[in-house]
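The values are calculated or read from the model by the stated rules, or taken from the named source; none is laboratory data. From a predicted model like this one, the values you see are computed outputs, not experimental measurements. FYI the Cβ positions are ideal-geometry reconstructions off the backbone, even for glycines, and counts take in every protein chain you see. These area figures cover heavy atoms from the full protein model, side chains too; ligands, DNA and RNA do not enter into them. Shrake-Rupley method; radii C 1.70, N 1.55, O 1.52, S 1.80 Å.
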Amino acid sequence: MQRKFIYLINPISGTKNKDALLKLIEHKTNEQQIPFQVMHSNAVGNYIFLQEKIKNENITDVIVCGGDGTINQVAAALMNVDINIGIIPMGSGNGLALTAGISRNISKALDIIFKGKASYIDGFRINNHFSCNLCGLGFDAKVAHEFAAHPSRGLSTYIKLSINNFFTAKTHPFTLELNNTVINTNAFFISIANSNQFGNNFTIAPKASLSDGLLDIVIVNKMNKLKLVYAIMKQISLGKVQQGPNKEIQNNGIQYLQTKNLIIQNPSKAPLHIDGEPAVTDTMFNITIIDKAIRLLQP
């Protein structure tokens, strides 16, 4: 079957030059003799219209040139559509792409799109919202809200905001119900992860897999700020980790569990992000894995 592409370009994601991106897309896709069209992503993030376009025009692949937020919106609209989704990482973090082994080099990312294998990855729902990468409650979500409102994009801005927020970070009360267990805690943040990282190879959930049918839950409990830095650095470097009873891993105040679904009570309304984008928080979240949510082009 003849492949036929749509490239979706987010004009404001990350800091890369979009003119150079477009020229390289045109050159390499024409070399492959694959028909294609280029569209801009839209500000409201609604891509339901793509379903009819894909059907009517026999589109085989939708390539997202953007970050985790844009990928989230496109994937949410195309979950039940027979389509390959590719990624050219253009965001500030690119957590999903890096977890999947997709290069941030545009030329190499295009080679994966042309020659890689399309295989299913999981997603999950947090209340009525879709996520394909990672959600967070607390500290990282507060940073995400400030980052979204900041006039400058890029990694340096994100690092600066993270450092500024670290010194004023506070804990929030949470109650988690999972694996027939109730956990009451005061935590700096909770990550609900399908991929293993926030982005930029900053690993938070080292056992996470995109296709294992499990969510990785990381709870960073209340502790001294100096101890917090050490605990997070250790978490990043864990690599291979050993699970204890109830599928739980303990790391100096950081709890790490795996589950298919959970409930989180959030009485203080700690801020929320979904795939790096600020989202409206709530006092309770029902979170459930979605097996084989989308078909992703990977190495």
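Heavy-atom surface analysis with a 1.4 Å probe gives the range 109-165 a carbon and sulfur content of 56 percent of its accessible area.
Taking 20 Å as the cut-off for C-alpha to C-alpha distance, list the pairs among 260/292; 108/292; 222/269; 55/108; 4/55 that go past it. Listed pairs above 20 Å: 108/292; 55/108. With contacts taken as Cα pairs under 8 Å at a separation of at least 6 residues, the chain carries a relative contact order of 22 percent. Entry comment: accessible area of the chain is 45 Å² per residue, from protein heavy atoms only and a probe of 1.4 Å. Phi-derived couplings, Karplus 6.51 cos²θ - 1.76 cosθ + 1.60 at θ = phi - 60°, listed residue by residue for the range 24-31: 5, 4, 4, 5, 6, 6, 5, 4 Hz, with x used for Gly and Pro. Loop-located chymotrypsin sites (Phe, Trp or Tyr not before Pro) in the range 76-184 (DSSP state not H, G, I, E or B) with no more than 12 neighbouring Cβ atoms inside 10 Å: 167. Here is the list for the range 150-215: trypsin sites (Lys or Arg not before Pro) lying in DSSP coil, each with at most 13 other C-beta atoms within 10 angstrom of its C-beta, are 170. Mean residue ellipticity at 222 nm, helices only, the chain: -8500 deg cm²/dmol; runs of at least 4 DSSP H residues each add -39,500 (n - 2.57), and the sum is divided by the number of residues. With every protein chain in place and a 1.4 angstrom probe, the accessible-area ranking of 295, 104, largest first, reads 104, 295.
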